[in-house]
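Remarks on the structure that follows.
The values are calculated or read from the model by the stated rules, or taken from the named source; none is laboratory data. Predicted model, so just to flag it, every value in this text is computed and none were measured. Because the Cβ atoms are built from the backbone with ideal geometry, glycine has one as well, and the counts that use them run over all protein chains shown. SASA here: full protein model, heavy atoms, side chains in, ligands and nucleic acids out. Shrake-Rupley method; radii C 1.70, N 1.55, O 1.52, S 1.80 Å.
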Amino acid sequence: SKSLNIFSDYPEALNMKGNSQLAMNQTESAIQSYEKALELAPDYPLAWNNLGKALAQDGKIAQAIQKFSKALELNENYVEARHNMGRAYMTMGRNQEALSQFNIILQKYPNFEPTRRAFMQARQELQ
């Protein structure tokens with residue numbers, strides 16, 4: 001439909017489109033939407049984080065970590081991106097690196113439950 005195409009040049013719209021594609025497990029399409037958003041707005045941490053999530057969901061963990069890292073370069077206080085990066089390190093069996101990411105979050109937000117759980121899990125796997 002014509003009306004939707006008006007928005008195809010807006011990074012926010014492309015990011016949201018990617019989110020709904022990712023929710024429907026259309027990983028390849030989601031990756032394309034996030035990449036288009038980032039062509040238009042390379043300093044868009046949300047899209048970098050979401051691109052990382054899509055790549056991780058597609059099993060491309062090393063690439064995902066690069067995208068989370070880019071999101072954190074743009075906003076070092078981006079908790080979700082840091083958490084996702086820690087989870088990706090865990091997936092690769094790099095639990096020490098995961099723990100250091102989780103630690104940064106927990107120093108600021110000691111009661112952030114998803115990270116606390118991930119931290120405990122990573123620590124157990126190290127023992």
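Values for this structure:
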| read-out | value |
| --- | --- |
| Between helix 61-74 and the chain: long-axis angle, C-alpha atoms, 0 to 90°, nearest 10 | 80 degrees |
| Student exercise, the chain dipole from Lys, Arg, Asp, Glu Cβ charges, in Debye to nearest 20 | 340 debye |
| Accessible area (Å², 1.4 Å probe, nearest 10) - S20 | 60 Å² |
| The chain: calculated mean residue ellipticity at 222 nm from DSSP helix runs of at least 4, using -39500 (n - 2.57) | -24500 deg cm²/dmol |
| Magnitude of the charge dipole, the range 34-91, Cβ model with Lys/Arg +1 and Asp/Glu -1, debye to 20 | 200 debye |
| Heavy-atom surface of the range 17-61, accessible at 1.4 Å and reported per residue (Å²) | 49 Å² |
| Listed values [x] 16.2, 49; [y] 15.6, 57; [z] 16.2, 66, entry calculated as Rg and Dmax of the Cα atoms in Å | [y] |
| Residue order for D43, D58 - accessible surface, 1.4 angstrom probe, largest first | D43, D58 |
| Computed FRET value (nearest 0.05) for M92 with R116, which takes r as the C-beta separation and R₀ as 22 Å | 0.55 |
| Point-to-point label distance, E125-L106, nm (Cα→Cβ direction, 7 Å offset) | 1.5 nm |
| Net charge contributed by nearby residues that have their C-beta within less than 10 Å of I61 (K/R +1, D/E -1) | +2 |
| Candidate lysines for bridging to K53, where Cα separation is under 21 Å - those fewer than 8 sequence places away on the same chain excluded | K17, K36, K67, K70 |
| Calculated FRET value between E76 and A41, using beta carbons and R₀ = 22 Å, to 0.05 | 0.70 |
| By accessible area with a 1.4 Å probe, ligands and nucleic acids excluded, highest first: order of K70, K17 | K17, K70 |
| Kirkwood estimate for the range 69-127, i.e. one over the average of 1/r between Cα atoms, Å | 11.1 Å |
| Unit charges at the beta carbon, dipole of the chain: most positive-side option, Q121, L99, Y10 | Q121 |
